[in-house]
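Worksheet: one structure, shown below.
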Amino acid sequence: MGVLIIGSGGREHALAYAFSRSQMAGDVFCTPGNGGIAKLATCLDLDVTDHQTIVDFCWENNVGLVVVGPELPLVDGLVDSLEVEGIKAFGPTKAAAQLEGSKAFTKQLCSKYDIPTAFYEIFEREAPALSYLNECAYPIVIKADGLAAGKGVIIAKDQDEARKATKECFAGRFGEAGTKLVIEECLVGEEASFFVISDGDYAMEFPTAQDHKCAYEGDTGPNTGGMGAYSPAPVMTKDMCQRTMDEIILPTLKGMKAEGMPFKGVLFAGLMITSEGPKLIEYNVRFGDPECQVQMARLRSDLLPVMLASSDGKLERMVNRFDERPAITIVMATKGYPGDYDSGSEIKGLEEAANDPDVMIFHAGTKNEDGRILATGGRVLNITALGDTVSQARDKAYAAIDKIDWPQGFYRKDIGWRAVEREKQST
Ligand code: AMP
Ligand code: GLY
């Protein structure tokens, strides 16, 4: 069966890697793809906003499943357009994708179905939002309602900052995404990510992960798409996973079904593990990037039948197997990211770096030009490794990075620090 992956990041390279190990997958296509994906799949430039183009491509190339990596095409209704034409797709419909596309939608669902989350208020006009800020305790979190490429969340330490953020938001800093605001309580605890694949009813647990969102060591610097991750997340004990499933995930799936928009695809819950237990920070309706890279490094069963079963509503009979060993991924980004950066620098030494069978290098912003790998983006490479412990996986990943010759790149040297600390304490 042919598979079409939509996207160009490390997440999509990791998915292409999973399909390259699938018994069931035939031709794998990816649009637009990148320099690493091109080794595993046929990369092409299709206009993803033109749904008919994607439909035609699928019919002409025997594509049996479209796997949508990023959130934009999901929120834009690509899955709906494909399903109307009888083409299977992995991911939620436009209505169900509101779980990521609108923070106000998700908060209201939480209230209606009793799902633990930060206390909040929603505002559509500046004046009531500003007057609400007079009564708040600080710090407080200000969020643009819609998709803002991970930049729509401001943690304001005092009222001045909160007023500034509120005014900027209503002045159009986040465009359409900021016409509504969520102002919410700042939760305290350790963050972790919990994932399930759903078919609208059933939830199949996927491995937990922990991301590192800040650009620099010590969790400092600006927010990024993610500078590294590991899986599993030690804070997500068996008990915490069960509580998350019972208190957050299952009520969400039940609620979405009751609202007439059953959720299919990956439900990625960003959690704060507080002293009272897990609370929902936000939902994403797709795999995480770079979380997907560590999950696919650990996956030992065939991903394609699971994705088809999610689309067909038959997930309950499926099982996934994962390597027991933890995996880590370190993001190498172009110097300057997440601000301005140069494009086009050459990366050398990748083959030697990937020599260890426990090391996988997933590309993000790269292109292959006559056999030379050039950096074309902010986040460029994901150096991923398995090990008996997070510390061992981390040492292998950093040893691989030492073999990469790319002076224009940078990476955080402390990815996995929480897990490594825990491992030190338990020995
Ligand atoms: P989001 O885009 O909603 O995931 O928010 C981005 C980041 O902001 C999260 O990963 C958290 O680190 C932080 N954040 C968001 N909401 C809250 C909250 N209510 N309390 C504390 N931190 C938050
Ligand atoms: N790494 C966070 C995300 O994919 O949203």
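Every number in this text was worked out from the coordinates using simple rules, so none of it is lab data. Since we're looking at a predicted model, the values are computed, not measured. Cβ sites come from the backbone with ideal geometry, for glycine too, and all protein chains shown count toward neighbours.
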Per Stokes-Einstein, at 10 °C and 1.306 mPa s, what whole-number D in µm² s⁻¹ belongs to the chain, with the Kirkwood radius over Cα pairs as the hydrodynamic radius? 72 µm²/s
Starting from the Cα gyration tensor of the range 281-378, take the square roots of the eigenvalues, sort them a ≥ b ≥ c, and report rounded, prolate or oblate (rounded when a/c is under 1.5, otherwise prolate if a/b is larger than b/c, else oblate). prolate
Of all the C-alpha pairs in the range 1-122, what % are more than 18 Å from each other? 55 percent
Which three semi-axes in whole Å describe the equivalent ellipsoid of the range 223-282, each the square root of 5 times a Cα gyration tensor eigenvalue, listed largest first? 23, 16, 11
If a/c stays under 1.5 just call it rounded; otherwise compare a/b with b/c (prolate if a/b is bigger, oblate if not). Do that for the range 181-308, with a ≥ b ≥ c from the square roots of the Cα gyration tensor eigenvalues. oblate
Cα-projected label distance for Asp395 with Glu217, points at 7 Å along beta-carbon direction, nm: 1.9 nm
With Cβ to Cβ distances under 11 Å as the rule, what net charge do the other residues near Phe119 carry (K, R +1; D, E -1)? -1
When the chain is treated as a Gaussian network with springs between alpha carbons less than 10 Å apart, the largest mean-square fluctuation among Thr366, Thr244, Thr49 is found at Thr49
Calculated FRET value between Asp356 and Thr274, using beta carbons and R₀ = 35 Å, to 0.05: 0.35
Those GluC sites (Glu not before Pro) in the range 115-152 that DSSP places in a loop and that have at most 11 other beta carbons within 10 Å: Glu135
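Working out 0.36 nm times the residue gap between Asn62 and Asp370, then minus their Cα-Cα distance, what length gain in nm do you get to one decimal?
107.9 nm
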If amide H atoms are built 1.01 Å from N in the plane of the peptide, which residues on other chains or at least 5 residues away come under 5 Å of the amide H of Thr42? Val28, Phe29, Cys30
In Hz, Karplus ³J(HN,Hα) per residue of the range 355-367 (6.51, -1.76, 1.60; θ = phi - 60°; x = Gly, Pro): 5, 5, x, 8, 10, 10, 10, 9, 8, 10, x, 9, 9
The set of residues whose placed amide H lies less than 5 Å from the amide H of Thr274, leaving out same-chain residues fewer than 5 positions away, is Lys279
Step through the residues of the range 135-142 one at a time and calculate ³J(HN,Hα) from phi using the Karplus curve (6.51 cos²θ - 1.76 cosθ + 1.60, θ = phi - 60°), rounding each to whole Hz and writing x for Gly and Pro. 9, 7, 8, 10, x, 9, 10, 10
Whole-Hz couplings from phi, Karplus 6.51/-1.76/1.60, listed for the range 50-66; x for Gly and Pro: 9, 4, 5, 4, 5, 4, 4, 4, 5, 5, 6, 10, 6, 7, x, 8, 9
The chain, Gaussian network, Cα under 10 Å: of Phe174, Phe263, Phe362, the residue fluctuating most is Phe174
Size of the dipole of the range 129-229 about the Cα centre, Lys and Arg at +1 and Asp and Glu at -1 on the beta carbon, nothing else charged, in debye to 20? 560 debye
With the chain treated as a Gaussian network of Cα nodes joined by springs under 10 Å, which of Gly409, Gly260, Gly225 yields the largest mean-square fluctuation? Gly260
Overall dimensions of the range 349-427 as given by Cα atoms, namely Rg and Dmax in Å: 14.0, 49
Kirkwood Rh, the range 48-200, all Cα pairs: how many Å? 17.4 Å
